[in-house]
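Taking it in order: structure first as structure tokens, then the write-up.
Each value in this text was obtained by applying a stated rule to the coordinates, not by laboratory testing. None of the values given here were measured: they were computed from a predicted structure. Because the Cβ atoms are built from the backbone with ideal geometry, glycine has one as well, and the counts that use them run over all protein chains shown.
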Amino acid sequence: MNLAAKMPAILEIRTPTGKVYLLEGERRSILVDALNDWYENKIIRSIQRRGSDSLDKVRLILLTHGHLDHFGGAPGLKRKLGCMIAIHELDAEGPRSGRNLPLATRNAWEKITKPFVSRITAEPFEPDFTLEGDEGDLSDYGIHAKWVRTPGHTPGSISVVFPGQTAIVGDLVVGRFNAPRKPAYPLWVKDPQEIKDSVSRVLSYSPKTLLSGHGGPLDADDVRKFFLG
Ligand SMILES: [Zn+2]
Ligand SMILES: [Zn+2]
């Protein structure tokens, strides 16, 4: 299989608080993540700029995990795009409740901010379908890529992997606040070893770059050195 020929164009839509990625296949597209609902118009405009049929092409919003800054905008975007929404079943409680999944705290900053972050709400919704198990294929949605479960930030976090090319990792790995091209641990991690195991899983597909929900793009070698030594 010639993977290079089948790589979709990947459009990064950047905002002050995070990023979403549009995977543009020949006839269908997938939007990975949806940010908070206040970015709806920006996301729609960015997709629209790709061409007259670009909004119609989006058939799926694939959520990397059940945090509000990733799923909050999904129901509004769904209404405008007429597409489906999917998330891993282990994180589906986030969208269903319209709240963040329970947050693990490891440092003072997380302990101070947790009460505020836990209180934020968004429109609750039922995903059109949930992903189950540890991996799957996205070809049915027009994109030749795999999704793999990469827990650590949340139990049902997933990454979208293009073997030998790139991986979209959600909040498994983020860019440093002051050096966004350098890798860092995300917030709200219960067990750092779980992050390392998931990073190792992503790297086993030999991506050259990792695309994060916050910061990046990250060089795969930098990620390997930082997390795996
Ligand atoms: Zn998150
Ligand atoms: Zn996030």
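Pick from I143, I87, I44: which is most flexible by mean-square fluctuation in a GNM of the chain where alpha carbon atoms under 10 Å apart are linked?
I44
Using only alpha carbon pairs under 8 Å that are at least six residues apart, calculate the relative contact order of the stretch 117-229 and give it in whole percent.
Over the stretch 117-229, the number comes to 23 percent.
May I ask you to sort T209, T105 by Cβ crowding, counting other Cβ atoms within 10 Å and putting the fewest first?
Fewest to most other Cβ atoms nearby, the residues stand as T105, T209.
Under the rule of at least 5 residues apart or a separate chain, name every residue whose amide H is placed under 5 Å from the amide H of M84.
Counting only residues 5 or more places away or on other chains, the set is L60, I61.
How large is log10 of I(q)/I(0) for the chain at q = 0.14, 0.15 Å⁻¹ when the intensity is taken from the Debye formula with one equal scatterer per alpha-carbon?
Debye output, listed in q order: -0.82, -0.96.
For E135, enumerate residues with amide H under 5 Å from its amide H, sequence gap 5+ or separate chain, H modeled in the peptide plane.
R149
By its C-alpha gyration tensor, with a ≥ b ≥ c as the square roots of the eigenvalues, how is the stretch 157-229 shaped: rounded for a/c under 1.5, else prolate for a/b larger than b/c, else oblate?
Because its axes are fairly even, with a/c under 1.5, the stretch 157-229 counts as rounded.
Please state the relative contact order of the chain as a whole percent: Cα pairs under 8 Å, 6+ residues apart?
RCO, the chain: 16 percent.
Going from the alpha-carbon gyration tensor of the stretch 93-181, what semi-axes, largest first and in whole Å, does one get by taking the root of 5 times each eigenvalue?
Taking √(5λ) for each eigenvalue gives 27, 20, 11 Å, largest first.
GluC sites (Glu not before Pro) within the stretch 29-134: which are DSSP loop residues with at most 16 other Cβ atoms inside 10 Å?
In loop regions of the stretch 29-134 (DSSP not H, G, I, E or B), the sparsely surrounded GluC sites (Glu not before Pro) are E132.
Count neighbours as other Cβ atoms within 10 Å of each site's Cβ, and list the trypsin sites (Lys or Arg not before Pro) in the stretch 137-229 that are DSSP loop with at most 13 such neighbours.
When the trypsin sites (Lys or Arg not before Pro) of the stretch 137-229 are filtered for loop state and at most 13 Cβ neighbours within 10 Å, R181, K208 remain.
By DSSP, what percent of the beta bridges with both residues in the chain are antiparallel, rounded to the nearest 5?
Beta bridges within the chain, antiparallel portion: roughly 65 percent.
Find the relative contact order for the stretch 54-158 and round it to a whole percent, using C-alpha pairs within less than 8 Å whose residues are 6+ positions apart.
Answer for the stretch 54-158 is 29 percent.
Once phi is turned into θ = phi - 60°, what whole-Hz ³J(HN,Hα) does the Karplus curve with 6.51, -1.76 and 1.60 give for every residue of the stretch 156-171, x standing for Gly and Pro?
After applying 6.51 cos²θ - 1.76 cosθ + 1.60, I find x, 5, 10, 10, 9, 10, 10, x, x, 10, 8, 9, 9, 10, x, 9 Hz.
Count neighbours as other Cβ atoms within 10 Å of each site's Cβ, and list the trypsin sites (Lys or Arg not before Pro) in the stretch 79-134 that are DSSP loop with at most 14 such neighbours.
R106
Could you state the number of Å between the C-alpha centres of the stretch 74-119 and the stretch 158-229?
20 Å
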